[in-house]
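Student: Okay, here's the structure, questions in a sec.
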Amino acid sequence: MEDITLNTTVQQVLDKYPFAIEFFESKNMYCRTCKGKKHETLYYSATYYGLDPQQFLKELKEFIQARSRFKKVK
């Protein structure tokens, strides 16, 4: 997960962690249907939606980590 930075695109996150769509949607970001996800970085997406980029990245990583642990238990 260290590979996810503010310069990572939304599509790159979704390619590696498809379940992360739930995180984006929880922030009212409808990345499932947005064509910009291929080139929009996490930094751009966070600022576009009025979110603090650093906090957004931290929460995304925490979400992915929690979900990844949950999936391994099952």
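Student: Which one of F56, F19 is loosely packed, with under 14 Cβ neighbours inside 10 Å, in a helix (DSSP H, G or I), touching a helix residue (DSSP H, G or I) at 6+ places or on another chain (Cβ under 9 Å) and of a type outside the set (K, R)?
Tutor: Values: F56 fails: loosely packed, with under 14 Cβ neighbours inside 10 Å.
Exactly one residue qualifies, and that residue is F19.
Student: Looking at F23, F19, which is the one that is touching a Lys or Arg at 6+ places or on another chain (Cβ under 6 Å) and either in contact (Cβ under 8 Å) with a residue 40 or more places away in the chain or more than 15 Å from F63 (Cα to Cα) (or both)?
Tutor: Numbers: F23 fails: touching a Lys or Arg at 6+ places or on another chain (Cβ under 6 Å).
F19 is the lone residue from the list that is touching a Lys or Arg at 6+ places or on another chain (Cβ under 6 Å) and either in contact (Cβ under 8 Å) with a residue 40 or more places away in the chain or more than 15 Å from F63 (Cα to Cα) (or both).
Student: Right, here's the next one. May I ask you to verify whether E62 is exposed (fewer than 13 other Cβ atoms within 10 Å of the Cβ), over 10 Å from the mean Cα position of the chain (by Cα) and at pLDDT 95 or above? Before you say what the answer is, go through the steps one by one.
Tutor: Values: exposed (fewer than 13 other Cβ atoms within 10 Å of the Cβ): yes; over 10 Å from the mean Cα position of the chain (by Cα): yes; at pLDDT 95 or above: yes.
So E62 fits the description; yes.
Student: Cβ-Cβ below 9 Å, separation at least six or inter-chain, first residue in region 45-69 and closer than 15 Å to K16 by Cα, second in a loop (DSSP other than H, G, I, E, B) and among the hydrophobic types (A, V, I, L, M, F, W, C): which pairs?
Tutor: Listed by first residue and then by second, the contacts come to L60/I4; K61/M1; K61/I4; I64/M1; I64/I4; Q65/M1; S68/M1.
Student: Return only the number of the condition from (1) out of contact with any Pro (no Cβ under 8 Å at 6 or more places or on another chain); (2) surrounded by fewer than 16 Cβ atoms within 10 Å (Cβ to Cβ); (3) touching a residue at least 12 places away in the same chain (Cβ under 8 Å) that K37 does not satisfy.
Tutor: (2)
The values are calculated or read from the model by the stated rules, or taken from the named source; none is laboratory data. Just so it is clear, the structure is predicted and the values come from calculations on it, not from any experiment. With ideal geometry, Cβ positions are generated from the backbone for all residues, glycine too; neighbour counts draw on all protein chains shown.
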